[in-house]
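Reading through the C-alpha cells given below for one structure.
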Amino acid sequence: MAADLVLDSLDTDILVLGAGGAGLCAALHAADRAPRLTVTVAVKGLLGRAGCTRMVQGGYNAVLAAPDSLEAHLLDTLQGGAWINDQELVWTLVQEAPGRGLVVVELTKRQVIELYAMRKILEGAAARFAAQHASPAEGELLHRLAAECRDAETPARMALCNRAFHLAIYEAAHNRYLQQALGDMSDALTLLPSTTFQEPGRAATAYDEHMKIAEAIIAHDADAAEAAGRDHIAMAERLRSRMLFGV
C-alpha cells in the first residue's frame, strides 16, 4: 500500500491551516501586508464552506425592547463564545448594536414552503450519496453526533448538535457541488427565527430520525437513507410551520 501512495508537494511562503473565519482573515491580511509572498490555505472541504465558523451563531443581535437588557445580551454572547471572547469588545458590541439601524428579514409562508421543499431534496440527496460513499469512521461519527444531540441540555445546544450531524452527512456524501448547494441553503435557513428544538419532545423524535438516517448510511442503503433524510426534514417543516404560522 505504501508504494502506491502519491504525495503532492507545494512550495509556499505562508501556509494557513484551516479556512474558517480566523484562517481566511489571516490569509487576507497576510496577502495585503506582503503581496509579493505566496499565501496558501489548507482546507479539508470547499473553500468558504468548510470550518467551524459556519456552525456558530450568524450575524449579531441587538437589544431593542424590554424585557431584553444589555446585561442579558452581554451574558448570552459570552456564553455563546465559551467565555473566551474579549469581554470589552463584547460590551462595545452590545452597547452600540441597538443604534446601528438593524433590519430584520422575515420569510413569508410561501418562502418557507419553498425553502423546505428544496431542503428535502438536497438533504435527501446528501443522505443518498453518504450511503454510497461514507467510510466506517464517518458512520460512527453520525452515531456519536446523534447521541450528543439527544443528550444536549438546551434547545440552542440541540440545534448546534443537529447542525453538526447534518454537516457530517454533507462531508460523507463526498460531492463538492452538492455541498455548495447545501451551503447556500444553510445561509437561507439563518433567516428563520429560533429553533424547532424548542418544541416539547423534539429532542427524542429527532434522535429517532437521526438514527434512522445513520443506520441507513452505515448499511449503504441509499434508498432508505434518502427517504429517512426527507422524512426528517418534513417533520422539521411541520414543526416550523406550526411555530411561525400556527398551522
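All of the numbers you see were taken from the coordinates with simple rules; none came from a lab. All of these numbers come straight from a predicted model, not from anything done at the bench. Here the Cβ positions follow ideal geometry from the backbone for every residue, glycine too, while neighbour counts run over all protein chains shown.
Computed over the alpha-carbon pairs of the chain, the distance histogram in 10 Å steps reads 7, 24, 32, 24, 11, 2, 0 percent, short to long. Here's how it looks for VAL41: its modeled amide H is under 5 Å from those of VAL16, which are all 5 or more places away or on a different chain.
Each helix, a run of at least 4 DSSP H residues, gives -39500 (n - 2.57); summed and divided by the residues of the chain, these come to -20000 deg cm²/dmol at 222 nm. The listed peptides 189-202, 141-154, ordered by packing as a protection proxy, come out as 141-154, 189-202 (highest mean of other Cβ atoms within 10 Å first). For THR38, the shell of other residues with beta-carbons less than 9 Å away shows a net charge of -1, using +1 for Lys and Arg and -1 for Asp and Glu.
Take 36-45, 159-168 and order them by the average number of nearby Cβ atoms within 10 Å per residue, most first; the result is 159-168, 36-45.
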